[in-house]
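This report concerns only the one structure given below.
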Amino acid sequence: MNFDCSPKTKEIRDRVAAFMAAHVYPNEENILAQIDEGDRWTPIPLLEELKKKAKAEGLWNLWLPESEHGAGLTNLEYAPACEQMGRSPWAPEVFNCSAPDTGNMEVLVRYGTPAQKKQWLEPLLAGDIRSAFAMTEIEVASSDATNIETRIERAGNEYVVNGRKWWTSGALDPRCRILITMGKNDPNNPDRHKQQSMILVPLPWPGVTVRRMLPVFGFDEAPHGHAEVTFENVRVPADNMLLGEGRGFEIAQGRLGPGRIHHCMRLIGLAERALERVCRRTKARKAFGRAVADQTVTQERIAEARIMIEQARLLTLKAAYMMDTVGNKEAKLEIAMIKVAAPNMACKVIDWAIQAFGGAGVTSDYGLAYAYSTARLLRLADGPDEVHRNQIARLELKKYDGEVSQYGGSSLVVPRSNQPGFNKRTRWVS
């Protein structure tokens, strides 16, 4: 594996970084101010202006590989640019590279009919509308998606949807025009992974109600946010079914792989920016007669943060390489590992940054509290740590199927008392 950036990758990364420096970072405070003016759930005028600038510069839909609609970057080539975007909460949308739109567009690219692509994919790629993904439910443990209870039932030339979802990010955004909704159409199917389907529900639409927006550690994340949505006898055309009945899990696996690694790419950028702030802050502040940066505990944390960020970056790049070369299904181990490693790394690095800033770190003045809420949420979003760890362990244990010996371990294991250097009376000796 060669993770050196190609000239094309470097050029895109550097252009994104230059755009961020020229237009995004200087406007972060102005964007926050515009959110607080009037209705918090309306599009941000300044963000819309930046999107036009990015589109004019060709920095648009960079996430979509092998497509006439974007830059044609592979996952590996996209990673450095995506990392740059992760440094600011507003940047991904500026480049039309934000969740959940990227995952939803990927679904439509892979599984949509020509008519569905015309109606929904084209305006999403143009940035004219936004979308949401309705999968998680409030009444069941959605870490096991087979628990989903929302019903999708055929009625002539329509499907009728009934259920209650939450963590449907972006559903209250007035630009949100389509909900990709997962529910059960065949609850009695003996194969629990073929009971579910995904269907396209337009917005606004009769029977679809946004009940509330969910705060994350007190942040409402306006104007995007995370919604609780109810579906009450929602009737949509049968042509809105994606791929076919019973194929919801198949679609979910195709959607979530890229979405997970994009989150990880962005988290690395977020952690990098937190570490930069730690270094600048601790060099400028004094405590007990010397710079905080000269305190051993500070140096240890900076060193550990650098190690952890580099480890996460390398694992992300490996996962991206695997997705590009052998496909998302074969890369499931690497995707699962980075989905655990990156959010945990970011949580730790940002927590150390908060500690270095003292009382200022837990306020909204420096963005660290919000950054921590983002990283902590991503230990749950797109599958909690525990589910991914279980998958990693199962894949690891599978390597040893059929190799168990009379000693209860690998057939290559020698009984401990027969191994060189073992003292039978006491313990292992050197």
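The values are calculated or read from the model by the stated rules, or taken from the named source; none is laboratory data. Since the model is a prediction, treat every value here as computed from it, not as a measurement. Reconstructed Cβ throughout: ideal geometry from the backbone, glycine too, with neighbour counts over all protein chains shown.
In table form, for the structure just shown:
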{"read-out": "Verdict on Val201 being at negative phi and crowded, with 20+ Cβ neighbours inside 10 Å", "value": "yes"}
{"read-out": "Filter result for Ile138 (in contact (Cβ under 8 Å) with a residue 60 or more places away in the chain, β-branched (Val, Ile, Thr) and surrounded by fewer than 20 Cβ atoms within 10 Å (Cβ to Cβ))", "value": "yes"}
{"read-out": "Residue within segment 94-108 that is touching a residue at least 24 places away in the same chain (Cβ under 8 Å) and more than 25 Å from Glu57 (Cα to Cα) present", "value": "yes"}
{"read-out": "Evaluation of Arg40 against (1) surrounded by 15 or more Cβ atoms within 10 Å (Cβ to Cβ); (2) basic (Lys, Arg); (3) within 28 Å of Arg313 (Cα to Cα) (one fails), failing number", "value": "(3)"}
{"read-out": "Qualifying residue in segment 300-320 (condition: in contact with a Cys (Cβ under 6 Å, 6 or more places away or on another chain), within 30 Å of Phe249 (Cα to Cα) and in a helix (DSSP H, G or I))", "value": "yes"}
{"read-out": "Conditions (1) in a strand (DSSP E or B); (2) more than 20 Å from Ile129 (Cβ to Cβ); (3) among the hydrophobic types (A, V, I, L, M, F, W, C); number of the one not met by Phe249", "value": "(1)"}
{"read-out": "Verdict on Arg40 being in contact (Cβ under 8 Å) with a residue 60 or more places away in the chain and not in a helix (DSSP H, G or I)", "value": "yes"}
{"read-out": "Thr102 being crowded, with 21+ Cβ neighbours inside 10 Å and within 20 Å of the chain's Cα centre (by Cα)", "value": "yes"}
{"read-out": "Count of residues meeting criterion [touching a helix residue (DSSP H, G or I) at 6+ places or on another chain (Cβ under 9 Å), surrounded by 11 or more Cβ atoms within 10 Å (Cβ to Cβ) and either without any contact (Cβ under 8 Å) to a residue 60 or more places away in the chain or not in a helix (DSSP H, G or I) (or both)] in segment 284-295", "value": "6"}
{"read-out": "Near pairs, Cβ below 7 angstrom, 6+ apart or cross-chain, from segment 345-372 (over 15 Å from Arg280 (Cα atoms)) to any residue that is outside any loop (DSSP other than H, G, I, E, B) and of a type in the set (Ser, Thr, Tyr)", "value": "Cys347/Tyr372; Asp351/Tyr372; Ser364/Tyr370"}
{"read-out": "Residue in segment 296-306 that is out of contact with any strand residue (DSSP E or B) (no Cβ under 6 Å at 6 or more places or on another chain), free of Cβ contacts under 8 Å to residues at least 24 places away in the same chain and within 21 Å of Ile392 (Cα to Cα) present", "value": "no"}
{"read-out": "Every residue from segment 7-27 that is surrounded by fewer than 17 Cβ atoms within 10 Å (Cβ to Cβ) and touching an Asp or Glu at 6+ places or on another chain (Cβ under 7 Å)", "value": "Lys8"}
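To keep it simple, each residue is scored yes or no on (1) modelled with pLDDT of 95 or more; (2) surrounded by fewer than 20 Cβ atoms within 10 Å (Cβ to Cβ); (3) of a type in the set (Gly, Ala, Ser).
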site	(1), (2), (3)
Gly207	yes, yes, yes
Val210	yes, yes, no
Val216	yes, yes, no
Ala222	no, yes, yes
His226	yes, no, no
Phe231	yes, no, no
Arg235	yes, yes, no
Glu250	no, yes, no
